[in-house]
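This report refers to the structure that appears directly beneath it.
The values are calculated or read from the model by the stated rules, or taken from the named source; none is laboratory data. These figures come from a predicted structure and were not determined experimentally. Reconstructed Cβ throughout: ideal geometry from the backbone, glycine too, with neighbour counts over all protein chains shown. For accessibility, only protein heavy atoms count, side chains too; no ligands or nucleic acids. Shrake-Rupley method; radii C 1.70, N 1.55, O 1.52, S 1.80 Å.
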Amino acid sequence: MATGCPHLELYDPGFHADHHAAYARMREEHGPVVPVMLEPGVEGRLVVDYALITAWCRDERTFSRDARRWKDWREGRIPDDSSLLGMMGHRPNALFSDGEEHRRVRRAMVDSLAPFEPGKVGAQARAVAERLVDGFCARGEAELMEEFARPLPLLVMNDMFGMDASSGRRFFTALRDMWDGVDAERANAELESVLSAHIDRKRAHPGEDVTSALMRHRAGLSDEEVLQHLVLMVGAGHEPSASLLSNAVRVLLTDRALSEDLAGARTGIGEAIDRVMWSAPPVTNYPVMYPVRDVEVPGGGTLPEGTPVLLGFAAANRFLAEEYAQRLEDAPNRAHLAWGVGAHRCPAKDIATAIAVAGIEVLLRRLPRLRLGTAPEELSWRISPFAHALTRLPVAFDPQTPVEEGTPWTPSDSSPETSTPKPPGSARPEPSSLSNFLVRLLRGR
């Protein structure tokens, strides 16, 4: 039961400097559900207990994902220019729906992603990663957030969703601002403007991409539903994927035991990423649920109807991992909560993992003696109530000759790579013309 400890301010730079210490302090004071401030004056609750998150996510009669149930918003206490509305304001998509409506739109998402088998996506991601590394490998140093972690999923997903280069760049810039609460109203308007024009283009020129598949799905999504599912799918796929890549590289370069296990082939890259998901998931306090009635909290207290309840995946993972440290060390597993739980579990987790595995594999193979370019304590973190992600990731390594040095960058008309393994020594798959163009654009900044 709380004894007067103030709300945990999720927008405070001090919180992001050592968020796990803050979680531990608040759990000791309040138990499994702690009071938080999402922005000055906006209160919520954060669940930091693994079992409670699992139980509440599966209790669809007591908890709703519909943000229109947010009591403070419903009663006019949330200003229209709140930085939170980009991430918490209601949208007609699967993240904010319940029951039969959720099943209808989720099926459209799952079906539209089905042709993009993880092996196929991984092959494309490796090809793009190789070309990104070519852009900086001769220097012996790089800033991996801007030169690798962000552009890699951008390039892969632009192709998956059939976006042109300009739309992709505008979308992902606005998306980053929305995650960080930077002029969220403008960022959301930019997202919707880009996607509206993109849908118009796809209506005139449909293709074999996720956007076209959503538009023709038997679920009969309206244009607004298609647009808002693109916000969800591309948004959830890009920024968290970039943060997963950077967080995984950071942990690999600072956790000696994990790096030695990887070097000694005792752990594969996929298993290493799962271990990172236990300790440093990219999405920490999101998504949000709302109790449809007052709920008694284990250990004491009441959760009022309409209170935003943030899912503290990072805290819950960490506390459970500490409790069962020996068991998890002996047998790494995927029981972490980083991909969500219950009916709203991420439908694209295998695709996101394939991109991350491909990116890390290329970095470790292409960059000998890869190491941090600064002291770990000098790394800085983005100030977001929902995520724990680096602003920069400087690295150093032994300079290398680019693989494609002297090869002209020309658009490729090759067909998409399949998941069928190629014989050893065969050529790397070529990226699509869009990916090729965007890599050149990014390298020319």
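Values for this structure:
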| item | result |
| --- | --- |
| Qualifying residue in the stretch 427-441 (condition: over 30 Å from residue 310 (Cβ atoms), modelled with pLDDT of 90 or more and either among the hydroxyl-bearing types (Ser, Thr, Tyr) or not in a strand (DSSP E or B) (or both)) | no |
| Some residue of the stretch 205-219 being assigned to a helix (DSSP H, G or I) and modelled with pLDDT under 95 | no |
| Single residue of 368, 408, 399, 332 found to be over 24 Å from the mean Cα position of the chain (by Cα), modelled with pLDDT under 85 and assigned to a loop (DSSP other than H, G, I, E, B) | 408 |
| Within the stretch 116-143, considering residues that are open to solvent by 50 Å² or more (accessible area, probe 1.4 Å) and not in a loop (DSSP other than H, G, I, E, B), the one nearest to residue 231 (Cα to Cα) | 120 |
| Among residues of the stretch 269-306, those that are open to solvent by less than 20 Å² (accessible area, probe 1.4 Å) and of a type in the set (S, T, N, Q), counted | 2 |
| Residue in the stretch 105-115 that is within 25 Å of residue 351 (Cα to Cα), part of a loop (DSSP other than H, G, I, E, B), open to solvent by 20 Å² or more (accessible area, probe 1.4 Å) and in contact (Cβ under 8 Å) with a residue 60 or more places away in the chain present | yes |
| Hits in the stretch 290-326 - residues which are assigned to a loop (DSSP other than H, G, I, E, B), of a type outside the set (A, V, I, L, M) and touching a residue at least 12 places away in the same chain (Cβ under 8 Å) | 293, 298, 299, 300, 301, 304, 305, 306, 307, 308 |
| All positions within the stretch 150-176 that are of a type outside the set (Lys, Arg), in contact (Cβ under 8 Å) with a residue 60 or more places away in the chain and surrounded by fewer than 22 Cβ atoms within 10 Å (Cβ to Cβ) | 164, 165 |
| Selection from the stretch 65-95 of residues that are among the hydrophobic types (A, V, I, L, M, F, W, C) and open to solvent by 20 Å² or more (accessible area, probe 1.4 Å) | 73, 85, 95 |
| Residue under evaluation residue 259, criteria (1) small (Gly, Ala, Ser); (2) touching a helix residue (DSSP H, G or I) at 6+ places or on another chain (Cβ under 6 Å); (3) surrounded by 24 or more Cβ atoms within 10 Å (Cβ to Cβ), criterion not met | (3) |
| Unmet requirement for residue 316, which otherwise passes all of (1) at pLDDT 90 or above; (2) surrounded by fewer than 18 Cβ atoms within 10 Å (Cβ to Cβ) | (2) |
| Members of the stretch 175-192 found to be over 16 Å from residue 162 (Cα atoms), in a helix (DSSP H, G or I) and of a type outside the set (Asp, Glu), listed by number | 175, 176, 178, 179, 184, 186, 187, 188, 189 |
| Filter pass, residue 147 being open to solvent by 10 Å² or more (accessible area, probe 1.4 Å) and modelled with pLDDT of 90 or more | yes |
| Positions within the stretch 10-59 being touching a Ser or Thr at 6+ places or on another chain (Cβ under 9 Å) and β-branched (Val, Ile, Thr), in sequence order | 42 |
| Set 128, 133: member being in contact with a Lys or Arg (Cβ under 7 Å, 6 or more places away or on another chain) and within 23 Å of residue 400 (Cβ to Cβ) | 133 |
| Number of the condition not met by residue 244 [criteria: (1) in contact with a Phe, Trp or Tyr (Cβ under 9 Å, 6 or more places away or on another chain); (2) in contact (Cβ under 8 Å) with a residue 60 or more places away in the chain] | (1) |
| Filtered residues of the stretch 336-386 (kept if open to solvent by 20 Å² or more (accessible area, probe 1.4 Å) and hydroxyl-bearing (Ser, Thr, Tyr)) | 353, 374, 380 |
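Yes/no matrix, rows are residues, columns are (1) of a type outside the set (D, E, K, R); (2) in a helix (DSSP H, G or I):
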site	(1), (2)
11	yes, no
21	yes, yes
45	no, no
51	yes, yes
57	yes, yes
61	no, no
